[in-house]
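Novice: This structure is in structure tokens; I'll ask about it shortly.
The values are calculated or read from the model by the stated rules, or taken from the named source; none is laboratory data. Bear in mind the structure is a predicted one, so any value in this text is a computation, not a measurement. Because the Cβ atoms are built from the backbone with ideal geometry, glycine has one as well, and the counts that use them run over all protein chains shown.
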Ligand SMILES: *Cc1c(COP(=O)(O)O)cnc(C)c1O
């Protein structure tokens, strides 16, 4: 009973609303494409052949299932709770993002589209999209702020090597939110042959629920793995929250288990003032951005705020609407970790376990490093290690932590 109630709560209504959050705030010209997408996705979801192909590629191409690893040295170092890492960093292209890119790529093909477009901040979602475009024989264009292109030159090159056209966006702050505006403009103009492959649980319905469903495999695997290894469910799930896709992918299948506490960690950046962080729940309030009603960092006049995080994947002024609803209900606790704490957490993991995490999940680890020592040794924490640190080597090098 509780289970069905909680699941009903976590599934959006017909208008894509999670309580008051979510929905479909798009111009008239995009209404038809998002409705077409919703119908196509509903049909694909119920199609066994589609599901079989999706799971085949997750397994044979992306490398699923990913291991759940009991980090014994980190656990011993912290002296409290048992820490397990869900190893999404071992996936092809180095992060969880490939799950969603494969799902939407297959869907685009099923819809008869021949062209993918995407936006990217750090380039991780762009690389995942470029990879899937090559795999499925689709053309692709990735929009990226010029500022981000300069910061992430090796990912720009990767995308080009994979055959994708990378288009620099020089408007606004020349970062992710401007790239999203440009991708939406392209979609309106080219909707007949183009699918917009959105990179997180953001945007108008059905994107938030669709992207979550493509990432649910993370939580499903974790559940089976922790039961096999520890014989019971975890006490805590911890994940970083950018748009919110790796975290909801881990959390969703545990929402109905009252004994499993959940913690989402946002980017605390370099300070508490607006513009210095990307902690939407600490410093934002409800508003509309890129087609959805959710928590948004904005000025008193409702202008979208600039944001800062050392990790590009967490550096976005809005959060997925399902998280806004989980925040409102209190089911998930949200907190933040600073740039410095994330850097130090990455170094700690590198030196205790020989694993260099991406800076995004290093935020989740930073929170665990704070809390685990105060917990009993029979407490179980699962941390989603959403990506590996290769892409962040330049930042680690210039940070002075070594
Ligand atoms: C993009 C990214 C994130 C943030 O996105 P979510 O949608 O919040 O998961 C987190 N970790 C890594 C490694 C990423 O590349």
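Novice: I'd like the full set of residues that are under 20 Å from residue 314 (Cα atoms) and in contact with a helix residue (DSSP H, G or I) (Cβ under 8 Å, 6 or more places away or on another chain), limited to the range 178-202.
Specialist: Answer for the range 178-202, where residues must be under 20 Å from residue 314 (Cα atoms) and in contact with a helix residue (DSSP H, G or I) (Cβ under 8 Å, 6 or more places away or on another chain): 179, 197, 198, 199, 200, 201, 202.
Novice: Name the one entry in 130, 108, 150, 118 that is assigned to a helix (DSSP H, G or I) and within 16 Å of the ligand (Cβ to nearest atom).
Specialist: The conditions single out 130.
Novice: Quick one: which of 351, 347 is in a helix (DSSP H, G or I), farther than 20 Å from residue 147 by Cα, out of contact with any helix residue (DSSP H, G or I) (no Cβ under 6 Å at 6 or more places or on another chain) and without any contact (Cβ under 8 Å) to a residue 24 or more places away in the chain? Step through it out loud before you land on a result.
Specialist: Working: 347 fails: without any contact (Cβ under 8 Å) to a residue 24 or more places away in the chain.
The match here is 351.
Novice: Also: Suppose the filter is more than 16 Å from the ligand (Cβ to nearest atom), crowded, with 21+ Cβ neighbours inside 10 Å and part of a strand (DSSP E or B); does residue 195 pass it?
Specialist: Criteria met by residue 195.
Novice: Just a yes or no: is a residue in the range 180-188 within 16 Å of the ligand (Cβ to nearest atom), within 14 Å of residue 143 (Cβ to Cβ), assigned to a loop (DSSP other than H, G, I, E, B) and at pLDDT below 95?
Specialist: First, pick out the residues of the range 180-188 that are within 16 Å of the ligand (Cβ to nearest atom): 180, 183.
Then keep just the ones that are within 14 Å of residue 143 (Cβ to Cβ); that gives 180, 183.
Imposing the further condition that a residue be assigned to a loop (DSSP other than H, G, I, E, B) reduces the set to none.
No, because not a single residue in the range 180-188 is within 16 Å of the ligand (Cβ to nearest atom), within 14 Å of residue 143 (Cβ to Cβ), assigned to a loop (DSSP other than H, G, I, E, B) and at pLDDT below 95.
Novice: Could you go through the range 359-369 and let me know if any residue there is closer than 22 Å to residue 69 by Cβ, away from the ligand (no atom under 16 Å from the Cβ) and buried (at least 17 other Cβ atoms within 10 Å of the Cβ).
Specialist: Looking only at the range 359-369, we keep the residues that are closer than 22 Å to residue 69 by Cβ, and these are 359-369.
From the residues that got through so far, the ones that are away from the ligand (no atom under 16 Å from the Cβ) too are 369.
Filter again for buried (at least 17 other Cβ atoms within 10 Å of the Cβ), leaving 369.
The answer is yes, given that some residue of the range 359-369 is closer than 22 Å to residue 69 by Cβ, away from the ligand (no atom under 16 Å from the Cβ) and buried (at least 17 other Cβ atoms within 10 Å of the Cβ).
Novice: Specify the residue that is surrounded by the fewest Cβ atoms within 10 Å (Cβ to Cβ); the eligible residues are those in the range 225-252 that are away from the ligand (no atom under 16 Å from the Cβ), in a helix (DSSP H, G or I) and in contact (Cβ under 8 Å) with a residue 24 or more places away in the chain. Write out each step before concluding.
Specialist: First pass over the range 225-252, keeping only residues away from the ligand (no atom under 16 Å from the Cβ): 225-236.
Checking which are in a helix (DSSP H, G or I) leaves us with 225-230.
With the extra rule that they be in contact (Cβ under 8 Å) with a residue 24 or more places away in the chain, the set shrinks to 225-226, 229-230.
Details: 225: 18, 226: 22, 229: 14, 230: 16.
Filtering first and then ranking leaves 229.
Novice: Of everything in the range 304-338, what is assigned to a helix (DSSP H, G or I), within 15 Å of the ligand (Cβ to nearest atom) and surrounded by 21 or more Cβ atoms within 10 Å (Cβ to Cβ)? Give them in sequence order.
Specialist: First, pick out the residues of the range 304-338 that are assigned to a helix (DSSP H, G or I): 312-314, 321-329.
If we keep only those that are within 15 Å of the ligand (Cβ to nearest atom) too, we end up with 312-314, 321-324, 326-327.
The answer is 312, 313, 314, 321, 322, 323, 324, 326.
Novice: A further question follows. Quick one: which residue in 112, 103 is more than 25 Å from residue 346 (Cβ to Cβ), surrounded by 24 or more Cβ atoms within 10 Å (Cβ to Cβ) and modelled with pLDDT of 95 or more? Explain how you work it out, then say what you get.
Specialist: Details: 112 fails: surrounded by 24 or more Cβ atoms within 10 Å (Cβ to Cβ).
Answer to the check: 103.
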